[in-house]
Structures are given as C-alpha cells and as structure tokens.
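The values are calculated or read from the model by the stated rules, or taken from the named source; none is laboratory data. It should be emphasised that the depicted structure is a prediction, and the values quoted were computed from it without experimental measurement. For neighbour counting, all protein chains shown are included, and Cβ atoms are generated from backbone atoms with ideal geometry for every residue, glycine included. With ligands, DNA and RNA removed, areas are computed over all heavy atoms of the protein, side chains included. Shrake-Rupley method; radii C 1.70, N 1.55, O 1.52, S 1.80 Å.
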Amino acid sequence: MFDSIRPYLMTLMLLGVSSSFAVAADIDECRALLLSGKYEECLTATNEAIEKGVYGESWHLVKADAEFQTGQYEQSLATIQKALERYGWSVRLRWNGIQACRYLNDEEQVDKFVAEIAQLVQSSPWRYTDAENLVTLGDFIIEQGADAKEAQDAFYSRSKRNNPVHRKPVLALGNLALNKRDFQLAAEIFAPALEKHPDDPDIHFGMAAAFTSSDQEIATKHLNKTLELNPNHFKALITQIDQQLDREQYEPAMELIEKILKINPKHPEALAYRTAIQLLQGNETEWTKSRELALSTWSKNPLVDHTIGRELSQKYRFQQGSTYQRQAIEFAPNFLPAKKQLAQDLLRLGKEEDGWKLADEVYAKDPYDVAIYNLVNLRDELEKFTTLEAEGLRIRMSAHEASVYGDHVLNLLAQARSELTEKYKHELPETILVEIFPRPSDFEVRTFGMPGIVGYLGVCFGDVITANSPASQDANPVNLNAVLWHEFAHVVTLNKTNNRMPRWLSEGISVYEERERDPSWGEKMNVNYRQMILDDELSPIGEMSQMFLSPKSGTHVQFAYFQSSLIVEYIIEEYGFDSLLNVLDDLAFGMSINESLERRTAPLKQLDEEFAKAVQKRVDEFGKDVDWSAPDLAAFSNSENATEDAVAWAEENPNNYRGLKGWAKILIEQKDWNVAQVILTQLIELFPAEAGTESPYLMLASVYREIENDDAEEEILRKFIQIEDDSPIALLRLIELSSANENWQQMRTDAMKLLAIKPLIAQPHAALALAGEKTDQPNITVAAIKSLLQLSPTDRADLYFRNAVQLRKLDKLELARRNTLKALEEAPRYREALTLLKAIQSEVPAETTHGF
C-alpha cells in the first residue's frame, strides 16, 4: 500500500503552500479542555457546537478524541463517520477512524479507511500540506511500513518548517526519537519547545520520558508538571504505575490503575498492568479476567501482551515474559516492540542463536532503534571473545584476559556452582553463561540495552551473568572474585524461586554469601551505616525493594545491600537456615514474600520490631567506646609543638576517634614516627573496624615501614586485609614482605588475593610462579608463567626456561623441550637452557623428538 502512494506523498514535499481554514475562536478552548484531561467538559462543549452546525473538521476530531480517550469507541467512530458526510476530503478524520475501528475489531473498515487515505493523497496532494495533515500522513506511512527517517524528513520536519510554533510537529519528532530510544535527541527536541509551550502537558511528558534513564530528578520534575497540567494524563499515570511496579508497591499501582479505569473502563494498557501485577502476585483467577477485559475491545491488540511480558521480564521472569511477547507477535507479526523485547529476553535466557537471529531481523526493519543498533554492534565484539568451558559453565571474555586469568575465573565459578547448589539444595539444569567485558559501555549495552547506565559491577539474569572486567576498573579496583561469587549466588536463588523473589532478598542472600565465603568480602557495618541506622534510615522489611529503586543517593543504595544482608543473617540466626530455604520454596510456588515470611518466621510487624532491636544491639556494640564528635581539626594544624600537643590532647580525649586520627596525620606529615605510632595504635585499639584508603591500619603500616620494622608492618597489614577485600597496595607490600621472609605459602595466599583484584598486572602471577618453584608445586608455576607470558614480560627467555624446568618435573618432556627451544630463540647463548635441552633430549624417546 505504501509503495503505491509514495509518489503522491512525496509530491507534498515539493509544495510550498500551506493551507488553513478558519474555525470558531473557542475551538482552542475545547482543545485546552482535552489537553487538560477534562474529557466530559470537552464533550459537552464540542457536542453543543456541532449541533449548532459550526464549520470545521477540528470540532469533530476533538470530540472523537475525547470519546476515544474515555473508551467510547463506538461513539468516536460514529462522530467520525458523521463528520465525513460533510468533510469527505479529511485524512485526519479517517486516521482517527482507523484507531477507533481497531478497538471495535472492525478490520474491514480499517482497510477501507487506509485505501481512502491513499486515494485522497493521490488525487489532491496539495490539500494536505498544513502542519497537522503532514504529521497525520507521517504517522500513517510509518504504520504502513515506511522508513522512519523518510517519515521524519518528508513529513514531520516539513511540518515543523511550515509552522515552527505548532505543537504537533514537535510531538511527532520527539515521540519518534523516544520510540527509537534516542533519548538525547528527544530531549533536544522537547526542551526548546517548552519555551513556546510552557503549559503543554504532552511536551512535559516527552521531557520526562527523555530523562527517565539518565536523570531521575529532571524526569520527576517534568512528570509532576505533566500531572499538574493534566491530572488524567494516561501516559504519565502509566509511567507512575510502572515506577510503583518496579518498587513492588502493588497497592499504590492498583490505585493508579483504578484511576485510569474510572475514565476508561477498558483502557488496554492499564488492564495489561493490572494483569501483570496479578500474575506477579500469583492471582490466577483474576489475571485471566483482566487480560480478557484488556482484549475485549481489540481482540488482537499486541500492546496488551507486550506490556504484560515486558513487566514480567522487568522482574526477571524472562521465560514467562517471552511467552507473552510471542503471543503479541502472533497477534501482529510486524509489531516491532514485542520483537525487540523478545530478542533481549532470549539473550538473557542464554538462548543466543534465537536471540541474535531476532535482533538481526529487527535491525533490518528498524536500523534507527538505538538499543537494537547497540546490541547488533556489540555482537561483533562478542565474536572476538574467547570461550572457556567447564561442566555447567560457559565463560566468555576477551582473548587477552582469558589467557591471563581465565582459568582462575573458571575455577572460582566451578566452586561456586558446587558449593552453593549443595547449600541451597537446588540443582541447576542449564549451562550458566558468564560474560566479562573489558569496556564498560559494552557491559552496559549487553545488560541494559543502552550505554551510560553506570554503577553496576555485575548483573545476573538467572542463567546469564554479565560483569565488568578488572580492565574497566583500574582507577577503583574491586574484588572480581567477590563480584562473581555474589552473582552466582543470584543464579542459584533465582533458579530455585523460578525468578520469583524480591530484589532485596536476592541481594541480601548474595551479600550474605559473600561474607560467608570470605569475611573481608561484602558489605559490613561502617561509620556511615551506623549513623544512618541512628538516623532511622532502616526500612521496614515489607518496603525493602524501594530502597533499591528510589534511593536518595549512592550511599543509600549500598546501605540497601547491607540492610538486606542483615535481614537474611537475622532470619538464619533466629529461625534457622531451613527457614530461609522454606521461604525460597514458597516463593517458587507463587506465594508473596510477606506471606511467606509470616508463615516461616513471625508476623511481619513482630519481625520488623525484633530485627530493629537486633540491629540496634549491633550498632551499640560497634565502636561502643568511641567518642564520634568532630573537633576543630584546623586548630591542630596551627600547633607550634605538634608532638606535645598531640600527646596531651590524646590523654585528655582518649576516645575521640576523629581527633586522634587528625593528630596522627599531622604527626606523619611532620615525620614524628614514634608519637604517630603511639597515637595510631591507640586509635586502632579504640576502633579496629575502619577499612578503606584512609584506614589507620595503612597509616600505621606506613609508619612501621619508615622505621624499618618489617614484622610489625606485616602484622598490621594482615589485620587490615581481614576487613578490606580490595587493597592492592597492602597486598603488594605483603608479597614483598613474604618474599623477604621466604614465607612462600603465605606469599601464594597473598598473590591469590591480589589476583582477584588486579589480575592484569604481573606481580601476582610472578609471586605465584616463585611460590610454586619454592614449594615444589610445578603446576602452580606453569599456570602462573603461562599468564606472565601474556603480559609483555621483559625477560621472556627466563620465563620459558623456568617453565621448561617445571614441565620436566611434571614429566611433560615434549612441552619442556619446546619451552627450552623458545628460551634459546630469545637468548641463543643461554647456557642453562642449553644444558637443560641436552638433559631433556636424553630423556625424550627418539620418535618423539623426530623433526625437532
């Protein structure tokens, strides 16, 4: 159809005339009523004007739109058909009629209107060059399968040039950008339009949508303004419903849904959200009724099942969500939003062949969708990755990183799979896919569909884990082992519950399991968290998910992880680990978390009260002797005799943590090592729990290093790494000290810890290689040298030679011989290598050495 009318539609681009017609002055008042959501008043005013015989299609369009918004689809179509008796040339009336007919399941009339629009444009293209008709025709050709850019250039942009102050072209261009998920472009379109239309709720909503994923403060401001200008703005209300659903606040979401249904009792999107909530709550009898009602007007409306499936996938129910996307596609094979979501669902389920095939199909039809464009381009990078496999595991990472530390990742995840599945009594039937990305933007695209969503180290979808690699965290290194263990705990618990667990519980268990694996891992009580608890920042258990989805700051997000883990720990300590397992089993059967907690532990109010008391006890014990007040540190800096003043102040204020720390810094700056040592020792005895780069442990270690007290330095650093899991500085120094003391087993332990943080530097691998040699563990040395050879070493000959020595011990004589030859290639006069080669030649059978 589109191809047959293309020449006539293109003619519109060449016509410079814009048509207009006069209508009664108060048509703008009726438009304002419609725009502000006063539908009944709008219907009364337009109906009176039409009955009086006022001229102009706009009256009928506004009336029909008000009827459509309130779910009066038959009346809306009747208004349009009546108007067409007088305005038979109207394209806009027919376009609105198409929308009404769909909700009356009248596809025959839809086809008739489509054919009539094509015929009208063919016969009189000059008639449709005003802004509103150009926008309508742009909408029309996109629905008929035209290229979006063609519609943008030929109709929307043309419309804006013809009438720069008209709202319709701006909305068309901005909404097209939103549909293609080009949020930056959408913001650039809507922002200047607000200067001309400061009270237009649709433009404010466009701004809210443009900033939702990048700046919640701006998005909220414009969303609130939208609802201030139009309290019944359906898209804004739907956005609020979506936000409440994300927070697992189902009752407020239902209240908003009912607000929409009072205006339009069969609003399909609102009913789709109600269906999704009922599905999430396990209300089988009600969700079927809601879905049937949503489809009662337009029986094959793809938006209904697409919305249900998308919301299920937002809750990590990708299998269930994908089923609804397939149903939406069955209703409308060209409905691209469902295909886009299904492609993402399949990739997150680990069904890569089907997922990438569908992504290609969507990209071919819509190359302007930013998320799909990013995803298809990402695949080119993924194809360069190396794949490592073990039983039940597939690891995909860059070839370089795989060669350096891939085996360590594989071993860690194999342990996680074995230990956690046994602990949680759940076998994983699928191979778990883990993808580790050296570039944050690639991780963000794979995980969220768009770059720029920062703050995540790793994400688990159930059977798929994505993570940032250490290469992306050079400035702020984190412990990769802790991240992967955390994410694999998600794999187990999400699978055990069929992805039916609230985020707070999933995160709480994962953080708890971090600490169980290594006490230095995971979130722990600190000074900031202590103060937040004292400031009544603890959330009721029933509202925990909100802490993740509406945090006040980044610190509040981390506090949410911490509190979640405390709740899990409290349940296990008070009610037993089996109680936690029973909760997970309940969730798998569809029971709500609050119902399950009351069934397996105590009434929720009682649980909240008991948990709060337990946390308060922990707060009381944490730094119980510390005076946390903040003295005037600036006055310390002006001291003329820091040594005497520091000693005197410490004697008078022996428990003031901040003051003692302030004096310690001054003493270190003045190189007064002895007094600094005394103050820092006092400080650590007072409060031994501060980790981080400003920790007194590191300050005291630096003092011991200055006075060359290696034993004391090592002792204090070892205490520090018991509470800090990502300090390469401490571990590098401990490796030096272990080497100096020839404590090879300890050096190996330190090297393994450093490897988890900085696997792409040579030091941990070099330490492992040396420790393996010194403790006669050739396998360790061979693995470490393999990694070192990938890190551009300066002395490759030495590494090959050392490797050959260890391989010979393992009786891998052929490999030993090859490594010896490589050493000689690097350094032909390497005497030890020549001697080793002769020895190996004498040990290798003749048929093996043939050809060498």
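Taking label points 7 Å from Cα along the Cα-to-Cβ direction, ARG705 and LYS809 give a separation of 3.1 nm.
May I ask you to list the aspartates and glutamates whose Cα is less than 19 Å away from that of LYS822, ignoring any residue fewer than eight positions away on the same chain? LYS822 reaches ASP795, ASP798, ASP811, GLU814, GLU832, GLU843. Were the residues from LYS300 through THR794 laid out at 0.36 nm apart, the gain over their Cα-Cα distance would be 171.1 nm. Distance between the modelled labels on LYS624 and SER123, one decimal in nanometres: 9.2 nm (7 Å Cα→Cβ projection). In the chain, the DSSP beta bridges split such that about 40 percent are antiparallel, to the nearest 5. Annotation: extensible slack from GLN281 through GLU48 equals 79.2 nm (criterion: 0.36 nm per residue apart, minus Cα-Cα distance). The phi-based Karplus calculation (6.51 cos²θ - 1.76 cosθ + 1.60; θ = phi - 60°) puts the 3J(HN,Hα) values of segment 205-219 at 5, x, 5, 4, 5, 5, 9, 4, 8, 10, 8, 5, 5, 5, 4 Hz, whole numbers, x for Gly and Pro. With a 1.4 Å probe and all protein chains left in place, how much of the accessible area of segment 510-549 comes from carbon and sulfur atoms, in whole percent? Ligands and nucleic acids excluded, carbon and sulfur reach 39 percent.
Placing +1 on each Lys and Arg Cβ and -1 on each Asp and Glu Cβ, with no other charges, gives the chain a dipole about its Cα centre of roughly 2520 debye. Annotation: amide H-H contacts under 5 Å for ASN656 (H modelled 1.01 Å from N, sequence separation of 5 or more, or interchain): ASP627. The residues of the chain expose on average 45 square angstrom of accessible surface per residue, using a 1.4 Å probe on protein heavy atoms.
Round to the nearest 0.05 the FRET efficiency obtained for ASP585 and GLU685 when R0 = 41 Å and r is the Cβ-Cβ distance. The value I calculate is 0.35.
Checking the Cα-Cα distances for LYS289/LYS351; LYS63/LYS160; LYS160/LYS357; LYS149/LYS225 against a 29 Å cut-off, the pairs over it are LYS289/LYS351; LYS160/LYS357; LYS149/LYS225. Of all aspartates and glutamates in the structure, those lying under 18 Å Cα to Cα from LYS665, and not within fewer than 8 positions of it along the same chain, are ASP632, GLU640, GLU644, ASP645, GLU651, GLU685, GLU690, GLU694, GLU706, GLU713.
Labels on offer are [x] 46.4; [y] 49.1; [z] 35.6, and the one holding mean projected area of the Cα convex hull in nm² computed from this structure is [x].
Of LYS524/LYS552; LYS340/LYS384; LYS605/LYS753; LYS340/LYS786, which ones are farther than 31 Å apart at the Cα? Let's see the in-between values first.
Numbers: LYS524/LYS552 20 Å; LYS340/LYS384 24 Å; LYS605/LYS753 42 Å; LYS340/LYS786 42 Å.
Violating the 31 Å Cα-Cα cut-off are LYS605/LYS753; LYS340/LYS786.
Computed from backbone phi with θ = phi - 60° and the Karplus coefficients 6.51, -1.76 and 1.60, the 3J(HN,Hα) list for segment 83-92 is 5, 5, 5, 9, 10, x, 7, 6, 7, 5 Hz; x is used for glycine and proline. Expressed as a whole percent, the accessible surface of segment 105-186 that belongs to carbon and sulfur atoms is 46, based on a 1.4 Å probe.
The calculated 222 nm mean residue ellipticity attributable to helices in the chain amounts to -21500 deg cm²/dmol, summing -39500 (n - 2.57) over DSSP H runs of n ≥ 4 and dividing by all residues.
When each of the peptides 568-574, 90-96, 138-144 is scored by the mean number of other C-beta atoms lying within 10 Å of its residues, the order from highest to lowest reads 90-96, 138-144, 568-574. Proximity of backbone amide H atoms, modeled 1.01 Å from N, is registered between ILE465 and LEU433, VAL434, GLU435 at under 5 Å, excluding neighbours fewer than 5 places apart on the same chain.
For segment 250-299, a simple Cβ point-charge model (Lys and Arg +1, Asp and Glu -1, everything else neutral) yields a dipole of about 180 debye relative to the Cα centre. Remark: spin-label model distance GLU116-ASN377 equals 4.5 nm, labels positioned 7 Å along the Cα→Cβ axis.
Taking amide H atoms as placed 1.01 Å from N in the peptide plane, the amide H of LEU393 lies under 5 Å from those of ILE432, each 5 or more residues away in sequence or on another chain. Given +1 at the Cβ of Lys and Arg, -1 at the Cβ of Asp and Glu and no other charges, the dipole of segment 457-579 around its Cα centre is 240 debye to the nearest 20. Taking the convex hull of the alpha carbon positions in segment 40-92 and averaging its projected area over all directions gives 3.3 nm². Taking 22 Å as the limit for the C-alpha separation, the pairs LYS168/LYS259; LYS38/LYS266; LYS671/LYS719; LYS809/LYS838 exceed it in the case of LYS168/LYS259; LYS671/LYS719. Between ILE453 and ARG831, residue separation times 0.36 nm minus the direct Cα-Cα distance comes to 130.5 nm. Within the accessible surface of segment 662-702, defined with a 1.4 Å probe on protein heavy atoms only, the carbon and sulfur portion equals 54 percent.
Find the relative contact order for the chain and round it to a whole percent, using C-alpha pairs within less than 8 Å whose residues are 6+ positions apart.
After rounding, I find 6 percent.
Couplings 3J(HN,Hα) for segment 737-754, derived from phi with the Karplus relation 6.51 cos²θ - 1.76 cosθ + 1.60 (θ = phi - 60°), are 5, 5, 5, 4, 8, 6, 9, 5, 5, 5, 4, 4, 4, 5, 5, 5, 5, 5 Hz, where x marks Gly and Pro.
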